[in-house]
Structures are given as structure tokens and as C-alpha cells.
Amino acid sequence: MEKFKFAVIGAGASGTLMSIILKTKGYSVNLMDKDTAKVETLKKLEVLKATGKTEAQAKPDLITADTAACINGANIIMVCTTTDAHGDVAHAIADTVQEDQIIILNPGHLGGVLNFRNALMEANCKVNPLICEASDMMFACRTMEIGHTFHSGVKAKIKLASIPAENAKKVADLLKDVFPCYVPASNVLETGLSGGSGMLHSIPCVMNINKIELQQPFDYYIEGLTPGVCKVIEAADKERIAVCTALGVTVEPLLPHLKSVYGLEPDNLYDAIQSCVPYKGIKSPMNTNHRFMQEDTLCDLVPTASIGKMLGVATPTIDMIIALESLLLGKDFAKEGRTVEKLGLAGKSKEEIFEMVQ
């Protein structure tokens with residue numbers, strides 16, 4: 001593969017790890033974050049460090065808080081921010097992004113490409129770059145301290161989709177040497193509805209809210225996903241699959257998805273979670289502003305419920321979690337999240353929606 005230049009937007013755990021891995025593979029990498037204090041700390045470090053599954057040290061070619069500088073000359077723009085920040089990223093690059101640049105949302109969550117494209121248009125972007133979305137972040141990782149990321153695991157298969165849909169295979173083929181986990185999906189509906197973030201993040205956080213508010217740390221997956229919590233997740237996941245069926249999208253239920261991605265053996269969700277090595281040691285959120293409670297509800301549960309409502313599919317468990325979280329956080333998630341209206345899907349038939357994403 002030609003040695004492309006990458007721009008990584010978002011210097012959280014996944015963005016930092018991605019920049020280290022790309023650099024150690026010989027690629028030119030720019031890393032950007034809007035947090036100027038974090039950027040200054042990263043600049044002062046001799047190297048950025050990854051430990052765990054990946055043991056490596058590297059320093060991006062450029063570390064900056066300037067989005068335009070980060071993407072200048074890049075062939076591939078890897079967006080590794082939280083998905084609820086995608087609109088801000090689109091607005092930030094609208095004046096400088098080029099027609100021949102490829103943007104990949106890692107992940108996109110439900111409606112990722114549609115949301116990003118709409119935001120570019122709102123910002124009067126004059127070009128039409130290819131935008132792709134991944135069904136999930138490829139790494140399981142966490143920040144130990146600024147500049148040090150612990151890499152606990154890598155997912156074997158991550159679906160990749162784009163609009164037009166046919167371009168996903170071209171991009172997956174283009175990146176197969178550096179990111180072999182990318183496999184082309186049929187369209188962005190498949191990638192958006194394939195992820196389990198809303199199930200695995202929003203629901204356990206709501207059900208462990210007392211510990212989170214009291215800032216009592218716990219092993220998030222191993223201690224937080226008890227058998228009872230898993231029962232609620234399974235009920236919500238059945239509703240997600242029902243929405244997919246009504247829409248004509250084929251995706252795996254959460255349990256077989258996790259078994260496929262992580263190579264797990266148990267045949268029930270609780271035991272599968274307990275056996276998942278990359279999940280061990282991941283600490284719980286210490287406040288309700290964490291992405292598990294924010295982006296995964298706004299960009300996963302809300303659009304799933306919104307599409308379900310439009311198609312006449314009941315989602316009582318998902319609706320309950322959204323309502324509870326809205327009460328707990330004093331925020332109208334159902335209104336602020338990615339609704340069918342915001343994604344441009346309102347009032348459209350299943351056939352019209354498929355035409356939009358092809």
C-alpha cells in the first residue's frame with residue numbers, strides 16, 4: 001500500500017493509540033485535539049507510549065489544536081472523537097477539507113455519515129469528500145495518563161460503510177495492510193445498527209448510577225454487568241433487532257456479535273462478558289458526563305428508538321433507559337439526540353431510506 005498521510009482528530013485513548021500504531025508502521029501522522037492543555041502536554045513528551053496488546057513508542061509528526069493544520073495534506077482523516085462531537089468536527093473542517101480526502105468516523109454510531117454530511121452542508125462546505133463510518137472502534141483501550149494508552153484488545157472484524165455504499169469496499173481494500181479488521185458492510189444502516197455501545201454502555205451506567213455519582217470506582221464490565229443488568233440489556237437488544245428487521249437490515253444480536261468479535265465461547269451474555277479478557281480491568285466512569293452516558297445514548301439508543309417509532313416498532317426498554325437518563329441528568333436525550341428528523345429520514349418509507357444510503 002502507498003504510504004498515505006493520516007490525520008487523527010481526537011487525542012483520547014483510541015486516537016492516541018491509533019497515531020502510535022500508524023507511526024510505528026511507517027506512516028506520516030498528524031494528531032489533533034481541541035483541548036489545548038492536553039496538546040501542550042503531549043507536545044512536551046519525548047514519545048507517546050502504548051502498553052498491553054501493543055508495546056510501542058512513537059511521536060506524531062504534528063500535534064496540534066488546529067484542525068486545518070492537522071488535515072492539511074492528509075489522505076485519510078480518522079475521526080476518533082466521541083460521536084456527539086462529529087457535528088463540531090465537520091464544522092471545523094468544512095472550509096479546508098479537500099474533495100480527494102477520505103474521512104472515516106471511528107465509530108460513526110447510528111446515522112454517523114448522514115449526520116456528518118448534513119453538518120458539512122450546514123457549514124457551506126464546497127466539496128464532497130468521501131465519508132465512511134466504522135461500526136465500532138477497533139481498539140479496546142484506556143488512557144493511563146496523557147500520552148500513555150493501555151491497549152487491552154483489538155476487535156477481529158469491524159464493519160465499514162459509506163455513501164455511496166459501493167465505496168466502502170474500495171476504502172477497506174485501500175487500508176487492508178494497516179487496518180485488516182475493516183470489512184465492507186452493505187450500507188450505513190448496517191454499520192449503525194450493528195454496534196452494541198448503547199446496550200453495553202448506557203444501560204449499565206443507568207443501573208449503576210449510585211456508584212458513578214458517589215465516584216466509587218468499580219470494574220466496569222466485570223462488576224457492573226451483573227446477571228440482572230444483562231437481562232435488561234438482552235431485552236433492549238431484542239428491540240434493536242426488531243427495529244432492524246422492520247427496516248430490512250440484517251445484523252447479529254449482541255451475544256453472537258461479541259462471540260464473533262472477541263472469540264468468546266459462553267452461550268449467555270453474562271458469562272460471555274465475564275470471559276472477555278479485553279473487558280477486564282476497564283474502570284467505571286467517575287461522573288455522568290462520561291461518553292458512556294452521553295454519546296451512546298444520543299447517537300445510539302435515541303436514533304434506534306426514533307426509527308422504531310417511525311416504523312411502528314415498540315421499544316419500551318430502550319425508551320425507559322432514555323427517559324431515566326433524561327431524569328437523572330436533567331437533559332432531554334430524546335430531543336437532543338439523533339432523531340429521524342435530524343438525520344433526514346422522517347416520513348420516508350423503507351425503500352426511500354435504502355435509496356438514500358446506496
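Condition check: under 20 Å from the mean Cα position of the chain (by Cα), among the small types (Gly, Ala, Ser) and buried (at least 18 other Cβ atoms within 10 Å of the Cβ). Does Ala272 satisfy that?
Spelling it out, it is not the case that Ala272 is under 20 Å from the mean Cα position of the chain (by Cα), among the small types (Gly, Ala, Ser) and buried (at least 18 other Cβ atoms within 10 Å of the Cβ).
Starting from region 257-278, take each residue that is on the phi > 0 side of the Ramachandran plot and list its partners that are surrounded by fewer than 16 Cβ atoms within 10 Å (Cβ to Cβ), counting only C-beta distances under 8 angstrom and pairs at least six apart or across chains.
Gly263/Ala156
Does at least one position in region 224-235 carry a residue that is of a type in the set (Lys, Arg), in the same structural domain as Tyr27 (by TED's automatic domain parsing) and surrounded by fewer than 18 Cβ atoms within 10 Å (Cβ to Cβ)?
No, that holds for no residue.
Looking only at region 154-171, which residues are assigned to a loop (DSSP other than H, G, I, E, B) and closer than 23 Å to Ala140 by Cα?
Hits for region 154-171 are Lys155, Ala156, Lys157.
Output the number of residues of region 311-346 satisfying the condition of being outside any helix (DSSP H, G or I) and touching a residue at least 12 places away in the same chain (Cβ under 8 Å).
10
From the list Lys331, Lys309, Lys283, which residue is modelled with pLDDT under 95 and within 27 Å of His86 (Cα to Cα)?
Going through Lys331, Lys309, Lys283 in turn, the sole match is Lys283.
Tally the residues that are assigned to a helix (DSSP H, G or I), among the small types (Gly, Ala, Ser) and closer than 22 Å to Asp300 by Cβ, restricting the search to region 172-218.
5
Being in the same structural domain as Ile241 (by TED's automatic domain parsing), touching a residue at least 40 places away in the same chain (Cβ under 8 Å) and buried (at least 23 other Cβ atoms within 10 Å of the Cβ): is that true of Leu200 here?
In short, yes.
Got a number for residues in region 51-85 being more than 22 Å from the chain's Cα centre (by Cα) and of a type in the set (D, E, K, R)?
Residues that pass the stated criteria total 4.
The values are calculated or read from the model by the stated rules, or taken from the named source; none is laboratory data. Please read all numbers here as calculations on a predicted model, not as lab measurements. A quick note on method: Cβ atoms are made from the backbone with ideal geometry, for glycine too, and the neighbour counts reach across all protein chains shown.
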